Amino acid sequence: MTVNFSFDEKINLNFEKRAQRTLKSLRLKIKDENDLLFHLIPKQKELNEISTTADEIIGRSNTLIVAGIGGSSLAGKVFASIKNEREIVFFEGIEPRKIARAEKSIYFKKCFLNIVSKSGNTTETLVNSAFLLRKIKKANGENWKEKVLLSASEGEGVLLKWAKKEKIKILEIPSQVGGRFSAFTVAGLIPALYSGLDPNKIAKGAQKGLENGLSLELNSNLAFKLSQFYLSAYKKNLPNLVLWGYGKLCHLLSLWIQQLWAESLGKKKTSPSGEIKTGILPVALKGSEDQHSILQFLREGRTPNSVLFISENYKGEKLSAFEKKFCGFKQERLHYGEVQNALKEGTKRSLEKDNFLISEFSLSDASEETISETMALFIVSTLIISDFLKINPFGQNGVEEGKKITKSLLF
């Protein structure tokens, strides 16, 4: 394995038996064309089409602009941080100052716009796309359509209708794959390939994670162990699960996991005793930066928490003699990655003294294969947890009312 995670705290005697039943059920769904797992990893024909499109985009631009939010952008940002051979700019929420600066900071004649919206109706993406399209049209004249791609699912979405009318190129996100599960679809792969990653290595890593996550050998199944960690925290009534990523890549990964677990596992369900709200609030923190803002509260504040550290085994450059002397470090051979690891270990061990429920998910490297394997493992863990909680991990009814209110204010 290129990743490592260990957690052995037992929940109850029936937990492993039930996990076996859950995994057997999930293994059957891989062959079901109507299920997420069947479409999770693109087939070779889809990979080839996405690769060809990515090559065309690279040939037509110096910068890729991605207009999308949530599941339409988070995986792409993770992939883009691995290599980033070319510039990628993400327009996610509505940021008036960013829009005001874009006129001067972005050379639209050399840009390509990838609009990503599974539904085709996301307000933020509609607004950002309208602004960006106006700039793309102005800079490229009658050839502007060659600089735009829509990634969306079939349906009645505004963006899909517009793209078909304008004859804009469309690459489909399978309707069975929800936005937060779409890392390996065109939504995540266009930014990944534009940044210089290998699509076959991404698919290989995802397949490796899927196979391990669905394995009935529970002692080596990392998705099972992740679900065990989550459900242990849930059983202890710990309200928050801190996802503490050290380094930019691991922090972006923690933000992706935050959405995956929050939207999939924070659900309402009915029971004979009434309505029950499920899940733990995942909170993504960033390396030593948040040691200087959140650690104080975690150690002495009122709320007990669980913490999952996410780290990468990367030493980086060696500190020079001047740098070691300037900082007062005594070790003979010291790398920047070892300094980062010492900061993480200091935080981890201090929290262990307070009896926090703690574990660590460690990446052996930052390759596209390792990151894809990790994402697949977390996706399978989500499906396992949702089965134990007896909830539907798809959809997000909790955000619909806010959307309706927003539309009443704008339309």
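Since every read-out is calculated from the coordinates, none of them should be taken as a lab result. What you are looking at is a predicted structure, and each value in this text was computed from that prediction instead of being measured. Glycine gets a Cβ as well: all are built from the backbone with ideal geometry, and neighbour counts include every protein chain shown.
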Residue-averaged 222 nm ellipticity for the chain, from DSSP H runs of 4+ at -39500 (n - 2.57), nearest 500 | -15000 deg cm²/dmol
Calculated from the structure, Kirkwood radius over Cα pairs in Å equals which of [x] 22.7; [y] 31.6; [z] 24.2?
-> [x]
Prolate/oblate/rounded call for region 69-185, Cα gyration tensor, a/c under 1.5 rounded | oblate
Quick one: net charge around Tyr230, please, counting Lys, Arg +1 and Asp, Glu -1 for every other residue with C-beta under 12 Å from its C-beta.
-> +2
Based on alpha-carbon positions alone, could you give the equivalent ellipsoid semi-axes of region 288-411 from the gyration tensor, as √(5λ), descending, whole Å?
-> 38, 20, 18
Cβ-defined net charge surrounding Asn62, 11 Å radius [Lys, Arg +1; Asp, Glu -1] | +3
Nearest-0.05 FRET efficiency for Phe38 and Asn397 at R0 = 25 Å, using Cβ-Cβ distance, is 0.55
Segment Asp365-Ile30, length gained on full extension (0.36 nm per residue, minus Cα span) | 117.8 nm
Between Glu323 and Ser271, take the C-beta separation as r, use R0 = 45 Å, and let me know the FRET efficiency to the nearest 0.05.
-> 0.15
Inverting the mean 1/r over all pairs of different Cα atoms, compute the Kirkwood radius of region 106-152 and quote it in Å.
-> 10.9 Å
Using the number of other C-beta atoms within 10 angstrom as an exposure proxy, rank Trp144, Trp261, Trp256 with the fewest first.
-> Trp144, Trp261, Trp256
Which length gain, in nm to one decimal place, applies between Glu146 and Lys407 when the Cα-Cα distance is subtracted from 0.36 nm times their residue separation?
-> 90.8 nm
Of the listed peptides 63-70, 278-285, what is their order by residue-averaged count of other C-beta atoms within 10 Å, with the highest listed first?
-> 63-70, 278-285
